[in-house]
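Worksheet: the structure to be examined is printed underneath.
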Amino acid sequence: MISKKYFNIITLLFFISSLNYAQGKITRTFFQSSPVVAILSGVMNDDFTVGEITKHGNFGLGTFNGIDGEMIVLDGKIYRVDNNGKVTVPNQLTRTPFVSVTYFHADTVIMINDSLSLKQLLDYLDKNFKLKNLIYAIKISGKFNYIESRSEAKQTQRYSNLVDVLKKQSVFKFKNIDGTMVGFKVPDYMQGVNIPGYHFHFLSRDKKSGGHILDCISGNIKVEIETLNNFELKFPANDEFHNAEFEKKPTPGL
C-alpha cells in the first residue's frame, strides 16, 4: 500500500508531467496575426497590440503599423529596430499589422564553428528538416563574423505595396558581432499566408543593433530548432482588410 507521503509525491509528479505536456502542446503552435498578403498589398494597419503578442508566444518576428521598423520577439520581450538602426522597446499599446510567434522550446540543437555564408547555412539547415510540410522555428545565437540587415521608415497613408516600401530600406552592416537570429522556415504552400522559405530577424547581444537579415557569415554559433505542428491565424479587424482586393502576387525578396 502506498503511504500518504509517497502518494502526495506521485500526485505532484503527475501534476508537473501534465503541466509540461500542456506547455509542450502550446510551444508547438505557430501563431500569426494577419496573412502576409495584406501588408504585401498595402494593408499596413491593425488593432493588434504589442501587449497581446506574448499571450501567444515568446519568440518570433513581425513589424509595426505603417511598417515602422522590424520587430524581434526574444525571450518574451519585444524590440523594434527603426530605419536608423536604433533598437527600442515599444509601448504595450503599439500596434502591429503582422507578427508570427511561438512559445519556443528547441527539440534539436546543433553547434557550428565554421564560417558559412547565409546560403551555406540555410543549405545545411535544409538537411536537418525531414518534414518539409511543417513549420520550423529557428534560433541561431552566438558570434557572427558578418551580419547585413535592414529596416524601413514608417509609411504614411495612402500606403503603397511592400515592394515599393523596400526600395527605400536602410541597410546596416556589422562585423564580429554577438547576437541572435530569430526566424522560421515556412512551407511553400503557405504562399500568401506567410513568407515561404526562411525569414530571419537579428538582435545583437547588447540590444543596440538588429534588423531583417539580408546576409550573414557565421562564426561560433548554436542553432536551436523546434518543429511546429499547429497553426493559428488572426485576421485584422478593420474595414481596410475586410474590403481589400488581394491579387495573387509573387512574394518579394524578404
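Coordinate-derived values only; no laboratory data. Quick caveat: nothing in here was measured; it's all calculated off a predicted structure. Because the Cβ atoms are built from the backbone with ideal geometry, glycine has one as well, and the counts that use them run over all protein chains shown.
Net charge near residue 215: determine it from the other residues with C-beta under 13 Å of the C-beta of residue 215, scoring Lys and Arg +1 and Asp and Glu -1.
Working: positive: 119, 150, 173, 175; negative: 148.
It works out to a net charge of +3.
Note on residue 154 and residue 237: the model spin-label points, each 7 Å out from Cα along the C-beta direction, lie 2.2 nm apart.
Report the percentage of all Cα-Cα pairs in region 150-241 whose separation exceeds 15 Å, rounded to a whole percent. Before the final figure, lay out each step's value.
Values: 3041 of 4186 pairs.
When every Cα pair of region 150-241 is considered, 73 percent fall beyond 15 Å.
Listed cross-link partners 86/222; 77/167; 119/173; 143/173 are compared with a 21 Å cut-off, the Cα-Cα value being larger for 86/222; 77/167. Extending 7 Å from the Cα toward the beta-carbon at both residue 124 and residue 208 defines two label points whose distance is 2.8 nm.
Report the Rg/Rh value for region 117-190, based on alpha-carbon coordinates and the Kirkwood definition of Rh.
Values: Rg = 15.8 Å, Rh = 15.1 Å.
Here Rg/Rh amounts to 1.05.
The Cα trace of region 30-242 gives Rg and Dmax of 16.1, 50 Å, the first to one decimal, the second as a whole number.
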